[in-house]
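The values are calculated or read from the model by the stated rules, or taken from the named source; none is laboratory data. In this text, all values refer to a predicted model and were calculated from it rather than measured experimentally. Positions of Cβ are backbone-derived with ideal geometry, glycine not excepted, and every protein chain shown enters the neighbour counts. These accessible areas exclude ligands, DNA and RNA; they are computed on the full protein's heavy atoms, side chains included. Shrake-Rupley method; radii C 1.70, N 1.55, O 1.52, S 1.80 Å.
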Amino acid sequence: MLNRRKFLEKAAAAGMLSLVPGMLKANTEAIQNPLKKSLPAFISTWNHGIAANAEGMKVLSSGGSVVDAVENAVMLIEADPENASVGIGGWPDREGIVTLDASIMGPDGNAGSVCFLQNILHPVSVARLVMEKTPHVILAGEGALLFARQSGFKEKNLLTPKAKEAWEKWLKESKYDPVINWENEPNKYHDTIGLLAIDQKGDLAGACTTSGLAFKMHGRVGDSPIIGAGLFVDNEVGAATATGMGELVLKTLGSFLVVELMRNGRNPMEACKEAVLRIVKKDPENVKRQVGFIALGKNGETGAFSLQPGFNYALYQEGINEMFDSKSYY
Ligand code: ASP
């Protein structure tokens, strides 16, 4: 027998949706991004997700673990100097200093993160070592740098001439007002990469790495390194990660919320949507900021939802690595 979703997909294909009064609105999301359950799968935020997904799949196919895969996938983006929101080339804070936040979680429920880290090209790799080699979850600032140094990481100036120029231009007005989707202007800006993966066995992992909001106050830490806010993985249920205005995600513990909603039966897209609705309800800033969530269920099902239009994500599943536009509240 056809289930409701299958029926709606078939009805959509046959142009019959006008015959299904009251069901059209609620189910368009499912139709536009039909359930996909094949494993392995990678889902990640924004256009750079395509390259990251491909890198992750390469690592998995050559025998790496799902944690190796998510780490290496986002490292590729950290190393890209053209990317203005991750790793080298990231736009600095108000003082002209690039400060990085990153987190990682694996299928065993372990988690590691670094925040306010400076001069280290691969914060996600430091986060992984925090997870695997220390009794802690988060290391910050000087302490994170000391740990990185002691672990053999070399320091490097991450402020590129292009980022310095952008900061000097910004200094003239010094107006702090993050613009919706500025990250997505073609060839200009990018944004945090949050990436989730599930391997052939159904084990989940995730990683999230960013230089945070450009021209933030010195010392500001966003959602990305906060476990449960910018990233959460529960190997029994699923995984979620966030991008956009970190303050809104922090105040609602968005990624944890998405995973808990999945635990309670929502599919990934419904769960992302409900986390966005929570922000709409709780935070008046929602009207002028962007937040996007992506999620991956234990069965390989994926979904996304954002506050504002313009958020997109990359999905690699069933051998196809492609971009999707997220549905949004506004
Ligand atoms: N969520 C990141 C932060 O607030 C930035 C972003 O994704 O745009 O630091």
Among the candidates Leu158, Leu213, Leu145, Leu139, which residue alone is modelled with pLDDT of 95 or more and either within 16 Å of the ligand (Cβ to nearest atom) or assigned to a loop (DSSP other than H, G, I, E, B) (or both)?
Leu158
If the Cβ limit is 7 Å and pairs must be 6+ apart or interchain, which residue in the range 93-117 that is without any contact (Cβ under 8 Å) to a residue 40 or more places away in the chain and open to solvent by 10 Å² or more (accessible area, probe 1.4 Å) pairs with which residue that is more than 14 Å from the ligand (Cβ to nearest atom) and outside any loop (DSSP other than H, G, I, E, B)?
Asn110/Met131
Extreme residue, modelled with the highest pLDDT, among residues of the range 224-250 that are open to solvent by 10 Å² or more (accessible area, probe 1.4 Å) and within 9 Å of the ligand (Cβ to nearest atom)
Leu250
How do the strands (runs of 3 or more DSSP E) wholly within the range 253-330 filter down when requiring 2 or more residues that are open to solvent by less than 20 Å² (accessible area, probe 1.4 Å) and closer than 26 Å to Gly56 by Cα: which remain?
291-297, 302-306, 312-317
Can you list residue pairs whose Cβ atoms sit under 8 Å apart, with the first residue in the range 264-289 being more than 13 Å from Ala304 (Cα to Cα) and the second being open to solvent by less than 60 Å² (accessible area, probe 1.4 Å) and among the hydroxyl-bearing types (Ser, Thr, Tyr)? Count only pairs 6 or more apart in sequence or on different chains.
Arg278/Thr252; Ile279/Thr252; Lys282/Thr252; Asp283/Thr252
For the range 232-257, pairs from a residue that is within 18 Å of Ala214 (Cβ to Cβ) to a residue that is among the acidic types (Asp, Glu) and more than 13 Å from the ligand (Cβ to nearest atom), with Cβ under 7 Å and 6 or more apart or across chains, are Leu248/Asp283
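Conditions (1) small (Gly, Ala, Ser); (2) farther than 25 Å from Ala51 by Cα, marked per residue:
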residue	(1), (2)
Ala214	yes, no
Gly222	yes, no
Ala229	yes, no
Gly246	yes, no
Arg266	no, yes
Lys273	no, yes
Lys282	no, yes
Ser306	yes, no
Phe311	no, no
Looking at Val114, Val124 in this structure, which one is in contact with a strand residue (DSSP E or B) (Cβ under 8 Å, 6 or more places away or on another chain) and part of a helix (DSSP H, G or I)?
Val124
